[in-house]
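To keep things clear, I will list the structure first and then write my remarks on it.
The values are calculated or read from the model by the stated rules, or taken from the named source; none is laboratory data. Keep in mind that this is a model prediction, so the values were computed, not measured. FYI the Cβ positions are ideal-geometry reconstructions off the backbone, even for glycines, and counts take in every protein chain you see.
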Amino acid sequence: MPAKVVVIGSLNMDLVTRAPRLPRGGETLIGQSFATVSGGKGANQAVAAARLGAQVSMVGCVGSDAYGEALRGALLAEQIDCRAVSTVEDSSGVALIVVDDNSQNAIVIVAGANGALTPEVIDRFDAVLQAADVIICQLEVPDATVGHALKRGRELGKTVILNPAPASRPLPADWYAAIDYLIPNESEASALSGLPVDSLSSAETAAARLIAMGAGKVIITLGSQGSLFADGTRFEHFPAAKVKAVDTTAAGDTFVGGFAAALAAGKSEADAIRFGQVAAALSVTRAGAQPSIPTLSDVQAFKAP
Ligand code: ATP
Ligand code: RIB
């Protein structure tokens, strides 16, 4: 039986333009392309875990519109169990994304139906959480729901992962004890810890602070520099694979989904990090969120240049 990963989080339709650079305030740029792509941090992590070997259930909400149908269809096409994806009377979540020629992005999200994922909905699908080996949450659904899901995951004895994205402020202090793996990027690690994170040594200091705040283990993702693992006794830096980046959208999601799938399948933490990083490196070589996420055979076939 493949290991079971449950993702509790957002589904967004990504409206993606490519432009030579990101616009400044008040400026209009001529874009080079436009695409409508299935995304949302929760859904992307679910797709990553599924393509990378796990059996996945998604808990979330879509709107009663064409985007909602498409977002659900994209997950079903990956054999993801969507019985806990509810359709609500609202617009589906959307993300307005600009990607520039340096593969950097700027994103504005509108939660829409994702705002209807309440703690009561989580309780309604408690059986889904009970069946999980690993539970993953992010921050594109209401905070009360994330806190509730983390704590329920802990109560059930599951491996609980929080990808605190997007984050611009500290997390509620009482969440930390429920988190086995906290996986922020550099800016999120800085927002959570209140410390600057712009180098390996500052990432170590921030990771130590986050563990002191109560997180079990911390993995700070560092873009093309890879990631930093900390467990309170030691730090380990995992360099990223060298690739030509085209679009980094969903690199973090691919890492989180791949790490979770590998951990659930019984790999060691170090091997799960290496596996997630190869998957994430492959994702940055392709455009879009879900279309960029590699399969298990893509990762197995990857040869470092
Ligand atoms: P995003 O918000 O763009 O999805 P993120 O900011 O959450 O990403 P990053 O730290 O940028 O997350 O990237 C996550 C992981 O993806 C990194 O730890 C690394 O393994 C891989 N990665 C990202 N960018 C690159 C790159 N240019 N080359 C190789 N690997 C990369
Ligand atoms: O992490 C990438 C995702 O962030 C995009 O798919 C977009 O929907 C935003 O939520």
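Here are some notes:
- For segment 29-80, filtering for residues that are surrounded by 24 or more Cβ atoms within 10 Å (Cβ to Cβ) and of a type in the set (Phe, Trp, Tyr) leaves 0.
- Here is the figure for segment 228-263: residues that are assigned to a helix (DSSP H, G or I) and modelled with pLDDT under 95 total 0.
For (1) among the β-branched types (Val, Ile, Thr); (2) farther than 24 Å from residue 255 by Cβ; (3) over 19 Å from the mean Cα position of the chain (by Cα), each residue gets a yes or a no:
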| residue | (1), (2), (3) |
| --- | --- |
| 59 | yes, no, no |
| 62 | yes, yes, no |
| 70 | no, yes, yes |
| 92 | no, yes, no |
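- Only residues that are more than 16 Å from ligand 2 (Cβ to nearest atom) and either of a type in the set (A, V, I, L, M) or on the phi > 0 side of the Ramachandran plot (or both) were counted across segment 9-51, and they come to 4.
- If you go through segment 78-127 and keep only what is away from ligand 2 (no atom under 16 Å from the Cβ) and closer than 15 Å to residue 18 by Cβ, you end up with 101, 102.
- Any chance residue 219 is among the aliphatic types (A, V, I, L, M), closer than 16 Å to residue 137 by Cα and crowded, with 17+ Cβ neighbours inside 10 Å: yes
- Taking each residue of segment 84-100 that is farther than 22 Å from residue 6 by Cα and looking for partners that are buried (at least 22 other Cβ atoms within 10 Å of the Cβ) and modelled with pLDDT under 95 with beta-carbon atoms closer than 8 Å, six or more apart or interchain, yields 97/249; 99/247; 99/249.
- No other residue among 187, 201, 193 is away from ligand 1 (no atom under 11 Å from the Cβ), surrounded by fewer than 17 Cβ atoms within 10 Å (Cβ to Cβ) and not aliphatic (A, V, I, L, M) apart from 201.
- For segment 279-292, a tally of residues being surrounded by 22 or more Cβ atoms within 10 Å (Cβ to Cβ) and either in a helix (DSSP H, G or I) or away from ligand 1 (no atom under 12 Å from the Cβ) (or both) returns 8.
- In segment 94-173, counting only helices (runs of 4 or more DSSP H) that sit wholly within it, the ones holding 1 or more residues that are over 27 Å from residue 193 (Cβ atoms) and at pLDDT 95 or above span 119-124, 126-130.
- So residue 224, is it more than 8 Å from ligand 1 (Cβ to nearest atom), in contact (Cβ under 8 Å) with a residue 12 or more places away in the chain, under 19 Å from the mean Cα position of the chain (by Cα) and more than 29 Å from residue 156 (Cα to Cα): no
- For segment 13-56, residues that are within 16 Å of ligand 1 (Cβ to nearest atom) and assigned to a helix (DSSP H, G or I) total 10.
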